[in-house]
Amino acid sequence: MKIFVTRTIPEVGLAMLREKGYEIDISPKNRPLTKRELIKFLKKKPYDAVVTTLSDEIDEKVVAVAPNVKIFSNYAVGFNNFDLKAIGDKNIFATNTPGTSDESVAEHAVSLMLAVAHRIVEGDQFVRDGKYTGWDPMLLTGFDLRGLTLGLVGAGAIGKHVAAICKNGFGMNIVYFDIARNEEIEKNLGARFATDINQLLSEADVVSLHTPLCPSTEHLLNAEHFAKMKKTAILINTSRGPVVDEKALLEALKNGTIRAAGIDVYEKEPEITRGLTKLDNVVLTPHTASATQIARDGMSKIAASNVIAALEGQVPPNVVK
Ligand code: DGY
């Protein structure tokens, strides 16, 4: 069996595939492949499986050049890079790695909240710039999270961890909006269900996004929504960039429509809307919310197990279509 891996991933999963005696080719380019490059690689050999990352768009053109492929195994929880119809039409499995990075992403979301509230990045820059000349009662005043209201958009596996940290760690009140009720966080954390997103936006001091990217969540937050938020509110996005209209976010941050933001994901990665990096009231990380060793090793193992199951004639455990 031949497997193509589009980007180097942690060894643990690759070792599982090697143990099975599979022939593994890993893209030698240490960057996302262009569509043309991916197609060129897939034409080289009759691959049986492809391990992809979130930057590999798998559409009908890619599917068409890989007639032997039985599975596209995404090394990611999100799978918005898959055209599920194109893959499904050929009866190929499409899988992801759920449950591998919930804690990591939740911790990252809370880190962004703290970094924004306590102005950590500005403070770091201030010290490095040699501006620290002694304690100053008025220097870089931020705010406490304690007692504030967290507005959770999406209360699934990651959202519920964020809610638990915020409730148990900072005594925050939790209001959430989702397509389904989450009785667990209502019962254990006293979370309140918002019947529509505008209700949540008008109440929350911290809005944290935890939805998948799909047609109904694209630009879920736009200029109209920012106008509904409190002027003192902050936005945290560790979900997918296109869930937020990034140009509208830039304007909202520049005009003081909202106070600040902590952002890990971008609308057109790796591009970032011009002007965003110039603002002091935003903390930016490079899509690294799941970049902990435990999470990344877990993703590697699950991506490999999905491949092994498919190639052994079973239905892989994490089929997304
Ligand atoms: C995911 O798993 O979907 C992350 O965004 C990438 O690590």
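Details
- Shape of region 173-242, Cα gyration tensor, a/c cut at 1.5: oblate
- A simple rule links phi to the HN-Hα coupling: the Karplus curve 6.51 cos²θ - 1.76 cosθ + 1.60 with θ = phi - 60°, which for region 287-302 gives 6, 10, 4, 9, 8, 10, 4, 4, 5, 5, 5, x, 4, 5, 5, 5 Hz, with x for Gly and Pro.
- Built amide H within the under 5 Å cut-off of VAL320, gap 5+: ALA94, THR95, ASN96
- Cβ-Cβ FRET estimate between GLU57 and ALA15, R0 fixed at 35 Å, reported to 0.05: 0.80
- Hypothetical label at GLN293: residues of region 105-134 whose amide nitrogen lies under 19 Å (7 Å Cα-Cβ projection): 105, 107-108
- Take the Cβ atoms of ILE120 and LYS268, set R0 to 35 Å, and the FRET efficiency comes out at 0.85.
- Applying the criteria of a DSSP loop state and at most 12 other Cβ atoms within 10 Å to the trypsin sites (Lys or Arg not before Pro) of region 158-227 yields ARG181.
- Filter on LYS85/LYS228; LYS268/LYS301; LYS29/LYS131; LYS43/LYS247; LYS40/LYS160 - keep pairs with C-alpha separation over 32 Å: LYS85/LYS228; LYS29/LYS131; LYS43/LYS247; LYS40/LYS160
- For ALA291, nonlocal amide neighbours, meaning residues 5 or more places apart or on other chains whose placed amide H falls under 5 Å from its own, do not occur.
- In region 102-284, the alpha-carbon atoms span a convex hull of 120 Å³ per residue.
- Both the radius of gyration and Dmax for the chain are 21.3, 67 Å, in that order, over alpha-carbon atoms.
- Stretchable slack from LYS131 to ALA227, in nm (0.36 nm times residue separation minus alpha-carbon distance): 31.0 nm
- Of interest is the spacing of the C-alpha centroids, which for region 282-303 and region 222-273 amounts to 22 Å.
- THR149 long-range amide H proximity, modeled H, under 5 Å: ASN173, ASP205, VAL206
- Set of aspartates and glutamates near LYS61 by C-alpha distance (under 14 Å), chain-local residues within fewer than 8 positions excluded: GLU37, ASP83, ASP89
- Alpha-carbon centroid distance for the pair region 57-97 / region 159-198, whole angstrom: 34 Å
- 3J(HN,Hα) couplings calculated from phi for region 208-217 with the Karplus curve 6.51 cos²θ - 1.76 cosθ + 1.60 (θ = phi - 60°) are, in sequence order, 10, 9, 9, 10, x, 8, 8, x, 7, 10 Hz; Gly and Pro show x.
- Rounded to whole numbers, the Karplus 3J(HN,Hα) couplings from phi for region 307-321 are 4, 4, 4, 4, 6, 9, x, 9, 7, x, x, 10, 6, 9, 9 Hz, using 6.51 cos²θ - 1.76 cosθ + 1.60 with θ = phi - 60°, and x at Gly and Pro.
- Converting the Cα gyration tensor eigenvalues of region 16-108 into ellipsoid dimensions via √(5λ) gives semi-axes, longest first, of 22, 16, 14 Å.
- FRET efficiency, 1/(1 + (r/R0)^6) with R0 30 Å, evaluated for ASP196 and ASP280 via beta carbons: 0.40
- With both residues required to sit in the chain, DSSP beta bridges show an antiparallel share near 5%.
Values in this text are rule-based calculations from the coordinates and carry no lab data. Keep in mind that this is a model prediction, so the values were computed, not measured. Cβ sites come from the backbone with ideal geometry, for glycine too, and all protein chains shown count toward neighbours.
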